[in-house]
Amino acid sequence: MAADEAASRRQSTRFLLLYALASAGGAIAYVPFLTLLLPARMAELAGAADVEWLGYSTFLGAVAASVGGIVFGWLSDRTGGRRGWIAAGLLLAILLLLAVPLAKDVTALVAIIVAWQLALNMMLGPLAAWGGDLVPDGQKGLLGGLLAFSPALGAWSGALVTLPAVASLEQRLVLIAALMALAILPALLAGRPQPFPELMRREADGEVARRPVQPAVRMWLARLLVQIAEAALFAYLYFWFRSIDPAMGDNEKAGIFSLALTIAVPVALLAGRWADRNNRPFAPLILAAALSSVGLFGMAVAGDAASAKAAYLGFGIATTAFLSLHSGQMLRVLPRPERRGRDLGFFNLTNTIPSLIMPWLTISLVPSFGFGTLFLLLAGLAGCAVLLLATLPRRA
């Protein structure tokens, strides 16, 4: 009876919306900063060596993000509270962001970036675990759908901070900091979530109930494979479109990218709601990974701009929906509730490892065999993700 009562309880829509907005605060921070403002600042300080130093900062930042996600997730597990870590990470991330113009040489800038990545993951690691603490399994599909707003808001914030009216680096960084605070603070200050102590359920002998490890490993591998494809396209989409149609302008390329992220929001929401209502948590993930593979195959064989755009839109929508829904459903397969923050830190490696794999994969294939071969390989990786997810138990 108690289990049935717990299953029928639902987290408030108010908190789910505020939590999704807070999660988007991370994308609002790092998408415009890492893709637009940091390269520009690096070019000012490093001159002709800007690409090399940007590579160093990207690598060291990825390492810091990986370590920070695990360490701060674990610390939030040990202390038994998430909000304090989220608030401290937000404050430090804002202060370090505003310190970027103070860096007078590249080594100082790289040091700030590494510290900023640690602070950002002091916020994001506990924030991800907070969702697992407060959202029951019956709403994890909806949660994943709402998380699709994160990449879309990240892209839109990039457009906002580069408006002509916001001209200087200092103004743009202040705007990013303000947007971060506006996104994250409402959940911390006014979320008022309903508690779900059963999500940290304990057995009669006092030990935390454990779930099988294998579903979590399969979910981790499936996300990694799809993330490798997503990372490759994020970094090299510009060059691929240029190879298909040299006349395509930058604004058109950015528009296609933003369109895919925007359409993915209602797609992920509908798919997540369907998964909750039909108790089929992994079915939308399987379909989205399959469509990602089909989109990559279409990109591999595209011979003109129209077919290239259509194939990329299919891939971009499916992949964004997959990653958002996966973020919600992976919370149900973590084996140790009392180590949720730490385990989510390990899951976060699927976001950072592709950044280390993707450049070598691209360099080894594209110069000799072209983008088509790369996309065929990535389509195969997405197909492997389909197989991993299709063999998951329905109630993993």
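Checked against the criterion of being in contact (Cβ under 8 Å) with a residue 24 or more places away in the chain and out of contact with any helix residue (DSSP H, G or I) (no Cβ under 6 Å at 6 or more places or on another chain), the candidates Thr13, Thr35 yield just one match: Thr35.
Trp53 meets the conditions (1) under 26 Å from Ala167 (Cβ atoms); (2) aromatic (Phe, Trp, Tyr); (3) buried (at least 22 other Cβ atoms within 10 Å of the Cβ) in every case but one. The failed one is (3).
Kindly establish whether Ser157 is crowded, with 20+ Cβ neighbours inside 10 Å, at pLDDT below 90 and in the same structural domain as Val31 (by TED's automatic domain parsing). Criteria met by Ser157. The set of residues in the range 136-151 being closer than 15 Å to Leu21 by Cα and at pLDDT below 90 consists of Pro151 alone.
In the range 59-68 there is at least one residue that is modelled with pLDDT of 85 or more, β-branched (Val, Ile, Thr) and not assigned by TED's automatic domain parsing to the domain that holds Ser327.
Tallying residues that are within 16 Å of Ala40 (Cα to Cα), outside any helix (DSSP H, G or I) and either without any contact (Cβ under 8 Å) to a residue 60 or more places away in the chain or basic (Lys, Arg) (or both) within the range 123-175 yields 5. If the condition is being aliphatic (A, V, I, L, M) and more than 18 Å from Gln171 (Cβ to Cβ), then the range 14-30 contributes Leu16, Leu17, Leu18, Ala20, Leu21, Ala22, Ala24, Ala27. I'd like the residue in the range 56-108 that is in contact with a helix residue (DSSP H, G or I) (Cβ under 9 Å, 6 or more places away or on another chain) and outside any helix (DSSP H, G or I) and, out of all such residues, is surrounded by the most Cβ atoms within 10 Å (Cβ to Cβ). Checked the range 56-108; the qualifying residue surrounded by the most Cβ atoms within 10 Å (Cβ to Cβ) is Arg82.
Give the residues of the range 292-311 that are closer than 14 Å to Asp245 by Cα and buried (at least 19 other Cβ atoms within 10 Å of the Cβ), sorted by residue number. Correct list: Met299, Ala302, Ala308, Lys309.
The values are calculated or read from the model by the stated rules, or taken from the named source; none is laboratory data. The structure displayed is predicted, hence computed values, not measured ones. Note that each Cβ is placed from the backbone with ideal geometry, even for glycine, and that neighbours are counted across all protein chains shown.
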